[in-house]
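The values are calculated or read from the model by the stated rules, or taken from the named source; none is laboratory data. As the structure is a computational prediction, the values presented were derived from the model and not from experiment. FYI the Cβ positions are ideal-geometry reconstructions off the backbone, even for glycines, and counts take in every protein chain you see.
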Amino acid sequence: MKFKIKTNLVSGILMALFSGYMLYVMPKQVKVPAYDSGAPSPRIIPGICLIVILICSIVLIIESLVFKKEKIVEFDWNNEKPAILLIAILCIYVFLIIKIGFILASAITFTVVLLYCGERKPFIYIFTIALAVGIYFLFTLVFHVSLPAGILPF
Amino acid sequence: MDFTMITQAAAQTFTLYNIALIFGGLLIGMVIGCIPGLSVTLGIILMLPLTYNMEDAASAIILMLAVYVGGMYGGSISAITLNTPGTNSAIATTFDGYPLARKGKVKKALDVSLFASTFGGLFSALLLLLCAQLITKAVSKFTSVEYFALGIMGISLIAGVSGESLPKALISGMLGLLMACIGKDSVTGVSRYAFGSNVLRYGINILPAMIALIALMQVVDKLREFRLSGGKIKDANKIDSDGMTGKEAKSILPACFKSSAIASILGAMPGVGGGVAQFMCYNEVRRSSKHPEEFGKGCMEGIAAAESSNNAVVGSAMIPLLTLGIPGDGVTALLLGAFMLHGITPGPTMFTKQGVMAYTIIIGCLVANIFLYPIGKALTRAVAKVIQVRYTYLACAIIMFCFAGAFAASGHVKELILTAAILILSYVLTILDIDNTPLLLGMILEPIMEKYFVSASMAYDRDYSIFVRRPISLVILIITVVMVISMMRVNRRVNALNAEQEAAMAAEHEQMGSAEDAVRAVETAKADADASFEDSIADAVFEKEHVTAKPDVKVNKDQDKP
């Protein structure tokens, strides 16, 4: 499956919608402090950013529709599928770290990643699991950062 | 120069601990730099969690600079042995490095690269040492108004030179600023765009953002490539033992000097990185060479020009970072992030308030460049073998380390959630052809910019026109606009020229390869013909012997009969 993305037009529309929405919710999301400390309003910097994003988005839309200046990116599903799947696996990895801990989550996730990448030799699986244990103890004992242990008793 | 501070800094740099860090950093940089698809930025990001608990922030920065220096040289190892640059800054190294390697002179090419890298690195590190104090004195009268203007300059220049579209780069930069605004405002205590979420309430830490935007995206890209190619690894040229001679080293000195000087000037300009500098230096050295026709065919001057330029950028890119607080490229943007994570704000005040630390970092950079030569000499052969290691071994290790490092930012699982979310955002931006370097820079610069903006506003009673009324600030803003416009034009031209040059070189390499293949084919055919001739003679002899032997056999057989 292949399709072409008019990146100027699409990013222009998406960013315009995003900045418009963020500007719309600004009064609720960024409240002005009850008393005046002499400091500038907390809305200034985000406000400027959103307005610049909106202006740039409009410029992109005009470039695409009026001046026909476009950068077309071909989205090839066969090419993108591995990247999307890997990102999805990494999101699940985060979920698993929170639920069952770093070591078990790493063992499960990277077994899946290695299988997906076509690795068949057992050594690489053993190496990866050993690495997960090593990194866990490196952070816990050397860097004093307690990575989530999850259901394991340490 | 302040010699008292330099002496103190030298004493602090030459501790066993710092020297060990420099050795380790150089080695890690060389390994990461030589793997195509993994950049120096990834190496620096991987070092960030390691440096979290370091007592001396200067040691942390020295470690990262050593990775930067090692990575710049490491990029040339795969450029020479594989014809695939390990980093973007080593593209021009393939022009002459690979042809020389194809001639069987891999060690010579690597030696030239190491010598030129060391020369370029030392040249710019010395320049950094000499210039830092001068620039700092020149900008010592800057107030928060000017610093805010400098922040705008930094983000605009990076936006101006990254990607092909200015609106897209600006969107990216502004998204970065906006993302850094999320959470509690440090001045008023007001919550900004947290949407009632616990994950967003305390803001987005730079570390998970850096990990997701740069490191994880690179690993995902490389794993995708691995999966699509079935994990095939190109055959690397074997390293011989015939290195560079003293005479040859002398002959490439002018090229090294010229290239280092040009690259140091270019590298000190915010927005120009090693990627741009290498081509300009290569072209200039070729133009002024006595044998320009040899370039692209395995000329040592060509390798020297490319390699001394990319290492010269390391020191010179630190000039605007240390003296003005403006990062010159993506790598220095990351270093700025590292400075901030360690509670240091680079700029003129750093030289007055934390002068010893500033000089310790500069001397550390100098020492890393000095040590690059012996370490490169001793370990290049071993490091080159890493290219042949299956990527899946490294990828899993890097991903685990990245998530563990992201978690270390605050020790809370929200960092992991943010890392995953920013990874998805980064992928969407890539699909939309929006470069994420300005986004990262925006995130890094926002706290500094907002700090100066608030100080300036409060000092001038919220008179925002002060940013254009103060002459120095106005001049900085005008220079920003002029530089963005001119650099966009220059960059377009340079990119077009580079693309042409790369295509021409690729065609030449292919031609060279096919010519060599043809020669090899002829040799093989000749060898085959010889072999078949020999075979036919052997067959004839065999047949003759066989025929003559037949009666013997028969006789023997007969003899064997009872």
| query | Has the stretch A:128-146 got at least one residue that is more than 7 Å from every other protein chain (Cβ to nearest Cβ), modelled with pLDDT under 90 and at positive phi? | reply | no
| query | Scanning the stretch A:64-85 for residues that are surrounded by 14 or more Cβ atoms within 10 Å (Cβ to Cβ) and β-branched (Val, Ile, Thr), which turns out nearest to the other protein chains (Cβ to nearest Cβ)? | reply | A:Val73
| If A:Ala39 passes every condition in (1) in a loop (DSSP other than H, G, I, E, B); (2) modelled with pLDDT of 95 or more but one, which one does it miss? | (2)
| task | Tell me, please, whether a residue that is buried (at least 16 other Cβ atoms within 10 Å of the Cβ), more than 9 Å from every other protein chain (Cβ to nearest Cβ) and at positive phi can be found in the stretch A:101-119. | result | yes
| message | Go through (1) of a type outside the set (Asp, Glu); (2) buried (at least 20 other Cβ atoms within 10 Å of the Cβ); (3) away from every other protein chain (no Cβ under 14 Å) for B:Ile422 and report which single condition fails. | response | (3)
| query | Restricting attention to the stretch B:383-402, which residues are in a helix (DSSP H, G or I), more than 7 Å from chain A (Cβ to nearest Cβ) and farther than 16 Å from B:Arg224 by Cα? | reply | B:Val383, B:Ala384, B:Lys385, B:Val386, B:Ile387, B:Gln388, B:Cys402
| said: Tell me whether the stretch B:187-197 contains one or more residues that are within 14 Å of chain A (Cβ to nearest Cβ), of a type in the set (Ser, Thr, Tyr), more than 30 Å from B:Phe403 (Cα to Cα) and in a loop (DSSP other than H, G, I, E, B). | reply: yes
| said: Looking only at residues that are assigned to a helix (DSSP H, G or I) and small (Gly, Ala, Ser) in the stretch B:450-483, which one is nearest to the other protein chains (Cβ to nearest Cβ)? | reply: B:Ser457
| request: From B:Ile204, B:Ile171, B:Ile211, grab the single residue that is crowded, with 18+ Cβ neighbours inside 10 Å, facing another protein chain (nearest Cβ under 7 Å) and among the β-branched types (Val, Ile, Thr). | output: B:Ile171
| request: Scan the stretch B:403-419 for residues that are closer than 19 Å to A:Ile135 by Cβ and either more than 9 Å from chain A (Cβ to nearest Cβ) or aromatic (Phe, Trp, Tyr) (or both) and report the count. | output: 7
| task | Might you let me know whether the stretch A:18-29 holds any residue that is within 30 Å of B:Glu225 (Cα to Cα) and crowded, with 18+ Cβ neighbours inside 10 Å? | result | no
| Right, B:Leu157: assigned to a helix (DSSP H, G or I), at pLDDT below 90, of a type outside the set (Phe, Trp, Tyr) and within 26 Å of A:Lys69 (Cβ to Cβ) or not? | yes
| query | Considering only helices (runs of 4 or more DSSP H) fully contained in the stretch B:23-126, which possess at least 2 residues that are surrounded by fewer than 23 Cβ atoms within 10 Å (Cβ to Cβ) and touching a strand residue (DSSP E or B) at 6+ places or on another chain (Cβ under 9 Å)? | reply | none
| task | Scan (1) closer than 21 Å to B:Arg227 by Cβ; (2) within 9 Å of another protein chain (Cβ to nearest Cβ); (3) in a helix (DSSP H, G or I); (4) without any contact (Cβ under 8 Å) to a residue 12 or more places away in the chain for the single condition A:Phe95 breaks and write down its number. | result | (1)
